[in-house]
Amino acid sequence: MALRDVVSVLADIPTLLALKKGMAPRPAEEKDCLGAAVERNARDLGEQPAVLWSDASGQTQTVSWARFNAHANRYAQVLKSAGVVRGDVVSVMMENRVELLALVVAANKLGATAGLINTNLRQRPLAHCISVTESKKCIFGAEVQEAIQEVKAELDLREGEDYYVVPDSAGTDAPAAANWAVDLEAGSAAQSSDNPPDTAETTLGETAMYIFTSGTTGLPKAAVLSNRRYLASAHLAGTAGLRCTAADRLYICLPLYHGTGLMVGAGAAFTTGASMFIRRRFSASAFLPEIRQQGCTCFIYVGELCRYLINTPERPDDADTPLVTMMGNGLRPDVWPTFKKRFGLRRITEFYGASEGNVAFANVLNKDCTIGMTSSKIALVRYDVDADEIVRDANGRCLEVEAGEPGLLLGHINPKAIFEGYTDQEATQKKVLRDVLEEGDAWFNTGDLIREVDVGFSLGYAHYQFVDRIGDTFRWKSENVSTNEVADLVGRFPGIEFCNVYGVQVPGADGRAGMAAVSLMDGGTELDLAAFADHVRRELPAFARPVFLRIQPRMDVTGTFKMVKGDLKREGYDIGMVDDPIYVMKPGASAYTRLDADFLAKLNAGEGGY
């Protein structure tokens, strides 16, 4: 064990003590919220920068904490005057803009809930997200007004009263919305910029926002996020993960409707006073120039972005940046050391958690290739991957794995670790396992396999590593894909009798690519590939579309008619192991083509382009 490793860990003791104190559960009735945190920054930091961004001309715009707070207050006054009260839901759909952050804070100041909608959603899934949360208002950026206009006939909202549009300074005007949506920016200009009294009455137990799951079939679930859990996650990110202060600047190019961008990135800024440079969308070519120009010391990532950056041409000065720390999730162990060395990072804080979950891990001791440690009560139980089921003993209890063995991660549900779940109670209960280790206990089923790993000296804290998704979900392009939901939609294509969907590993790519094995009606062997490709492009988001397609003469099932996936996963798309025809949708392609030996060789060499 290197002496420097011991010294590094011992130096982290004050941070761990501060983290333990900050993460201690606070009473739900205690009065505090995101809006109050912003008010504290406005009071204490005043004219220090809060949010920076590039305008349409490429010039950097900056708003201070005092001005940002005033902006949110004016929005809050508009909402309050329009009848928004404590407990109401306001849907917000907007690209990464300072106005989006101001709206989230404004709703929170009133004790209302912001429903954060993926800007890529259209039609049925978009209407579902607004309706399922019973939103009283819908506020959108001019850049997505066409999407809202397409669904407004399906919504129980009044034109001219319940829709608000925010003009886009990047150049998108809102003339089409003028007769049915109120211009929020114009309407808020004359409003009071004073802090609303409602903020002081908002409690930790109240719902701050809804963050939606990916929604493979176009019907996302709204994960409930209380003020308590948002602030706890933000505190963890700012204090122990990024270790930032008001002197630091965060680079955020992840969408702010997503938990990592909003809770880890913006949350760290809100709770520490650090400033944040926000980008509409990720650009590999702009990454280093903007990091240097804006003086960013922290970077919020997902593994897919890091893979893109590693694949850019290497330059001798790649490590010559102000970057010190990055925090995110999904960084592959094979990418980790290369990325850290190439870009000169001193600390990578990989974390693990779900927007709706009650368990979180973070690599706060800076151990390579690990999701770190947790203060949550967890259990790693045996899982039969081939049978796709939890292993139980004769008494029906789960069996915990040995140290170092992969196990299904469960988070204990108790007053200190509440499972907030979704607005859909049926969906919430499906994620809860009962009578796991003893009668009457309840645990959140993460659906992930993890294992304990030896990281050397760590003050006695066990460290863990992510292994894989299990069962009916897999992860691809930083999104969770439901195999059951994809199979349901694929199976609706004319001529398909059975469909089995699963994830397969592709060298050099993050997560697992979707693969569908289908059998055709009446023993058929010919599938209209062009029409099938049109079907999956129309019915499924890009990340959920099967990359590989296997046509089988018959589908293997168990005695209870459950489709078997074990052999299919092992065989994958290896055309040397199976006689069935296998097709692939290559990167950038819109059609399936027969997988041949040349492209298989490229895939195996990590040169497939995924």
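The values are calculated or read from the model by the stated rules, or taken from the named source; none is laboratory data. Fair warning: this is a prediction, and the values are worked out from it, not measured in the lab. Cβ: placed from backbone, ideal geometry, glycine included. Neighbour counts: every protein chain shown.
Here are some notes:
- Flag if Val455 is under 20 Å from Gly357 (Cβ atoms), among the β-branched types (Val, Ile, Thr) and in a loop (DSSP other than H, G, I, E, B): no
- Residue in the stretch 529-537 that is crowded, with 18+ Cβ neighbours inside 10 Å, aromatic (Phe, Trp, Tyr) and within 19 Å of Arg594 (Cα to Cα) present: yes
- Cβ-Cβ distances below 6 Å connect the following pairs, each with a first residue in the stretch 244-257 that is touching a residue at least 12 places away in the same chain (Cβ under 8 Å) and within 20 Å of Met209 (Cα to Cα), a second residue that is buried (at least 23 other Cβ atoms within 10 Å of the Cβ) and among the small types (Gly, Ala, Ser), and a separation of six or more residues or different chains: Ile252/Gly265.
- Set Ala354, Ala379, Ala286: member being in a loop (DSSP other than H, G, I, E, B) and either of a type in the set (A, V, I, L, M, F, W, C) or under 29 Å from Ile211 (Cα atoms) (or both): Ala354
- Selected residue (criterion: surrounded by the fewest Cβ atoms within 10 Å (Cβ to Cβ)) from residues of the stretch 424-477 that are touching a residue at least 24 places away in the same chain (Cβ under 8 Å) and among the small types (Gly, Ala, Ser): Gly456
Yes/no per residue for (1) surrounded by fewer than 21 Cβ atoms within 10 Å (Cβ to Cβ); (2) touching a Gly at 6+ places or on another chain (Cβ under 8 Å):
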position	(1), (2)
Ala246	yes, yes
Tyr251	no, no
Leu254	no, yes
His258	yes, no
Val264	no, yes
Gly267	no, yes
Met276	no, yes
Leu288	yes, no
Gly295	yes, no
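- Any chance Ala274 is of a type in the set (Gly, Ala, Ser) and free of Cβ contacts under 8 Å to residues at least 12 places away in the same chain: no
- Phe493 meets all of the listed conditions (1) within 23 Å of Val391 (Cα to Cα); (2) touching a His at 6+ places or on another chain (Cβ under 6 Å); (3) not charged (D, E, K, R) but one, namely (1).
- Of residues in the stretch 290-309 being polar (S, T, N, Q) and in contact with a strand residue (DSSP E or B) (Cβ under 7 Å, 6 or more places away or on another chain), the one nearest to Arg346 (Cα to Cα): Thr297
Table: residues versus (1) more than 16 Å from Ser482 (Cβ to Cβ); (2) in contact with a Phe, Trp or Tyr (Cβ under 7 Å, 6 or more places away or on another chain); (3) modelled with pLDDT under 95; (4) acidic (Asp, Glu).
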| position | (1), (2), (3), (4) |
| --- | --- |
| Met515 | no, yes, no, no |
| Ser519 | yes, yes, yes, no |
| Arg554 | yes, no, yes, no |
| Asp579 | yes, no, yes, yes |
| Tyr583 | yes, yes, no, no |
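- Here Pro337 clears all of (1) farther than 24 Å from Tyr461 by Cβ; (2) loosely packed, with under 15 Cβ neighbours inside 10 Å; (3) assigned by TED's automatic domain parsing to the domain that holds Met276 except the condition numbered (1).
Residues are listed down the side, and each one gets a yes or a no for (1) in contact with a Phe, Trp or Tyr (Cβ under 9 Å, 6 or more places away or on another chain); (2) not basic (Lys, Arg):
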| residue | (1), (2) |
| --- | --- |
| Pro289 | no, yes |
| Arg292 | no, no |
| Leu305 | yes, yes |
| Thr321 | yes, yes |
| Arg332 | no, no |
| Phe343 | yes, yes |
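- Taking the stretch 498-509 as the range and being β-branched (Val, Ile, Thr) and either in contact with a Ser or Thr (Cβ under 9 Å, 6 or more places away or on another chain) or without any contact (Cβ under 8 Å) to a residue 40 or more places away in the chain (or both) as the test, only Val501 passes.
- Scope the stretch 122-137; condition touching a residue at least 40 places away in the same chain (Cβ under 8 Å) and closer than 11 Å to Ala222 by Cβ; matching residues: His128, Cys129, Val132, Thr133, Glu134, Ser135
- Lys416, sole failed condition from (1) touching a strand residue (DSSP E or B) at 6+ places or on another chain (Cβ under 9 Å); (2) surrounded by fewer than 16 Cβ atoms within 10 Å (Cβ to Cβ): (1)
- Looking only at the stretch 143-159, and only at residues there that are part of a helix (DSSP H, G or I) and hydrophobic (A, V, I, L, M, F, W, C), the one that is farthest from the chain's Cα centre (by Cα): Ala153
- Residue within the stretch 508-524 that is of a type in the set (Ser, Thr, Tyr) and under 24 Å from Phe599 (Cβ atoms) present: no
- Residues that are closer than 20 Å to Gly447 by Cβ, acidic (Asp, Glu) and either at pLDDT below 95 or not in a strand (DSSP E or B) (or both), drawn from the stretch 382-420: Asp384, Asp386, Asp388, Glu389, Glu405, Glu420
- Answer residue from the stretch 347-366, given it is of a type in the set (D, E, K, R) and at pLDDT 95 or above and is surrounded by the most Cβ atoms within 10 Å (Cβ to Cβ) among those: Glu350
- When Ser54 is tested against (1) buried (at least 18 other Cβ atoms within 10 Å of the Cβ); (2) polar (S, T, N, Q); (3) modelled with pLDDT of 95 or more; (4) within 28 Å of the chain's Cα centre (by Cα), exactly one condition is not met: (3).
- Pairing residues of the stretch 37-55 that are of a type in the set (Phe, Trp, Tyr) with residues that are surrounded by fewer than 16 Cβ atoms within 10 Å (Cβ to Cβ) and not in a loop (DSSP other than H, G, I, E, B), at Cβ distances under 7 Å and at least 6 apart in sequence or on separate chains, gives Trp53/Gln61.
- Unmet requirement for Val63, which otherwise passes all of (1) part of a strand (DSSP E or B); (2) surrounded by 20 or more Cβ atoms within 10 Å (Cβ to Cβ): (2)
- Check on Thr113, among the hydroxyl-bearing types (Ser, Thr, Tyr), surrounded by fewer than 24 Cβ atoms within 10 Å (Cβ to Cβ), in the same structural domain as Leu254 (by TED's automatic domain parsing) and in contact (Cβ under 8 Å) with a residue 40 or more places away in the chain: no
- Asn480 being over 15 Å from Lys569 (Cα atoms), without any contact (Cβ under 8 Å) to a residue 24 or more places away in the chain and not assigned by TED's automatic domain parsing to the domain that holds Lys377: no
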